[in-house]
1. Let me confirm something: among Asn241, Asn219, which residue is among the polar types (S, T, N, Q) and under 16 Å from Leu52 (Cα atoms)?
2. Condition first: of a type in the set (D, E, K, R) and crowded, with 22+ Cβ neighbours inside 10 Å. Now tell me which residues in the stretch 233-251 satisfy that.
3. Considering only residues that are of a type in the set (A, V, I, L, M, F, W, C) and not in a strand (DSSP E or B), look in the stretch 354-396 and name the one that is surrounded by the most Cβ atoms within 10 Å (Cβ to Cβ).
4. Does Glu303 qualify as being buried (at least 17 other Cβ atoms within 10 Å of the Cβ) and assigned by TED's automatic domain parsing to the domain that holds Cys81?
5. Can you list the helices (runs of 4 or more DSSP H) lying wholly within the stretch 186-284 that have 2 or more residues being in contact with a Pro (Cβ under 9 Å, 6 or more places away or on another chain)?
6. Condition test on Arg407, is it in the same structural domain as Gly458 (by TED's automatic domain parsing) and over 26 Å from Gly165 (Cβ atoms)?
7. Ala66 passes all but one of (1) closer than 17 Å to Ile154 by Cβ; (2) surrounded by fewer than 21 Cβ atoms within 10 Å (Cβ to Cβ); (3) of a type in the set (A, V, I, L, M, F, W, C); which number fails?
8. Starting from the stretch 299-320, take each residue that is of a type in the set (Lys, Arg) and list its partners that are assigned to a helix (DSSP H, G or I), counting only C-beta distances under 6 angstrom and pairs at least six apart or across chains.
Amino acid sequence: MQKTIVSRPLPASKNDLLRDLHPVLRRIYASRGVHSNEELDLNLGALLPVELMDGAVGAAQLLLDAIQRQRRILVIGDFDCDGATSTALSILALRAMGARQVDYLVPNRFEYGYGLTPEIVGLAASDYVPDLIMTVDNGVSSVAGVAAANNLGIKVIVTDHHLPGPVLPDAAAMVNPNLPDNGFPAKSTAGVGVVFYVLLALRSLLREQGWFEDRPEPNMGDYLDLLALGTVADVVPLERNNRILVHHGLARIRAGRCRPGITALLEVAGRTVRRAQASDLGFAVGPRLNAAGRLDDMSVGIECLLTEDMATARALAARLDRLNRDRRLIEDDMREQAEALLEQVLLKESDLPWGLCLYDDGWHQGVIGIVASRIKERHHRPVIAFAPGDEGEIKGSARSIPGVHIRDVLDEMAAGSQGLLLKFGGHAMAAGLTLEAHRLEEFRALFDDVLRRRLREGDLDAVIESDGEISPRDMSLDLAYLVEQGGPWGQGFPEPVFHGEFEVIQQRQLQDRHWKLVVRPEGSNQVIDAIGFNLVDDCPPPLPDKLLMAYQLDVNEFRGNTSLQLRIAHMEAA
């Protein structure tokens, strides 16, 4: 696999409305499709109105009736970070609005699998006896589960953001911006954002009923930290609506006004709360919450988000941190096995298949998604990692590359080979699936064939998109702060990356995995610290005297001192 640094294209005409910005920041925004200062307005008043989220008012009316009649409400969540934040948000907000009988249930992924299945409905009916079930971050594919609930006289509200299949469940209310007839413009809204809109609609209905005349009305802004965490961790594109939610959620976190559990998770990850960035949520907090759903029980993560007690939050965060360390050890071992499997493929073939399907009967279901992601990053091609499932079945987790809508690929395969996929679902970049173990080779060949029809060979070369070169005078702490504050950055609105040639002044390895450098920009006397995480394998020692680097500007705080640091994304001989 080759890696090529390519400068992001800029619009042909300059936008006068952005002239008050730093020239580098103006260039960054222009290359991300920002055309006016209005698009940079992240005030809460610019949020899309509730009325645009089709189905939200209908769902809110069902919740209103349940609260007024003091019916039992059960929230059915998902076992990832988006699901955990969606569940915690729902429980906290419903209780604040006066729901006295509200609880949650998250299926154990190893025992029940994903979503509202008939088995989960049976468990809910026996252990919780709900009058109303509300799914969060799942449900759009739960046709059989909703039917089972209907047969028991339990009404179901589905709130989800995943792509629908050909048949929709017969729910009492359905809220999903990705339904074909839903006109909500922000299709990238995460599961936590969808249920947030339902709860906004519920508060409006309660207000109209005079519900808050003798009880405090909850401020929905109090939950924006959960919105930010779930949105960033689910790696949904940061359209403007999502950026508004994340921006204000991060502001609450930095101000120390967030959930104790989020503070505790940032602390245990060694991150500075007052300078929390979206990347801290995505790479520090999210993985620790996800570790509970991958290896244990997501209720540990949900309880961490729900608790009001800081000591309890720290104890739960420590437990989640231990789970995350266990997850890393399992992941490292599985990744090494995966690379060994690829070596065997290379011995048989002249090149790797265009789509990689990897399986080992000792792999852990909870970690295959991360392994697929790591192998995809290293070899830049769609990857599906499989682990043993129920008897005679295997479960796969797929990760894709730009230009390949992985769920559409699976849809084409299902249509072309009847019965090959027992079930599947997901997004453009990630999906899950189940098939019979004895059909893996058939699936592997068809997967590669479909991808070869959809892709060109050059699509398998990794491209590092750069915001261009910057002058040595712009390599400053001031610009690093401006870039940091110019976010939030994330999927679909990526953190700025620059490139240029540098002289290597000092080089040393950290833990045999990372590079710690001192470099000098070409044509400058300035020396700057630089760090390259997990780059030793790609760039073994000794490094050449001159490097072409793709990098990010980083504000480094160490022992009370603040300095500029370059965070290296890629490097090669100049």
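1. Values: Asn219 fails: under 16 Å from Leu52 (Cα atoms).
When all the criteria are applied, what remains is Asn241.
2. Across the stretch 233-251, the qualifying residues are Asp234, Arg243.
3. Initial filter on the stretch 354-396 (of a type in the set (A, V, I, L, M, F, W, C)): 354, 356-358, 363, 367-368, 370-372, 375, 383-387, 394.
Imposing the further condition that a residue be not in a strand (DSSP E or B) reduces the set to 354, 363, 367-368, 370-372, 375.
Details: Trp354: 20, Trp363: 22, Val367: 25, Ile368: 29, Ile370: 23, Val371: 26, Ala372: 26, Ile375: 23.
My answer is Ile368.
4. Details: buried (at least 17 other Cβ atoms within 10 Å of the Cβ): yes; assigned by TED's automatic domain parsing to the domain that holds Cys81: yes.
When the stated conditions are applied, Glu303 passes them.
5. Values: elements: 191-208, 224-233, 240-254, 260-268.
Filter on the stretch 186-284 gives 191-208, 224-233, 240-254.
6. So Arg407 does not fit the description; no.
7. Evaluating Ala66 over (1) closer than 17 Å to Ile154 by Cβ; (2) surrounded by fewer than 21 Cβ atoms within 10 Å (Cβ to Cβ); (3) of a type in the set (A, V, I, L, M, F, W, C) leaves (2) as the failure.
8. What qualifies is Arg314/Ala264.
The values are calculated or read from the model by the stated rules, or taken from the named source; none is laboratory data. Fair warning: this is a prediction, and the values are worked out from it, not measured in the lab. Quick reminder, even Gly has a Cβ in these numbers, built from the backbone with ideal geometry, and neighbours come from all protein chains shown.
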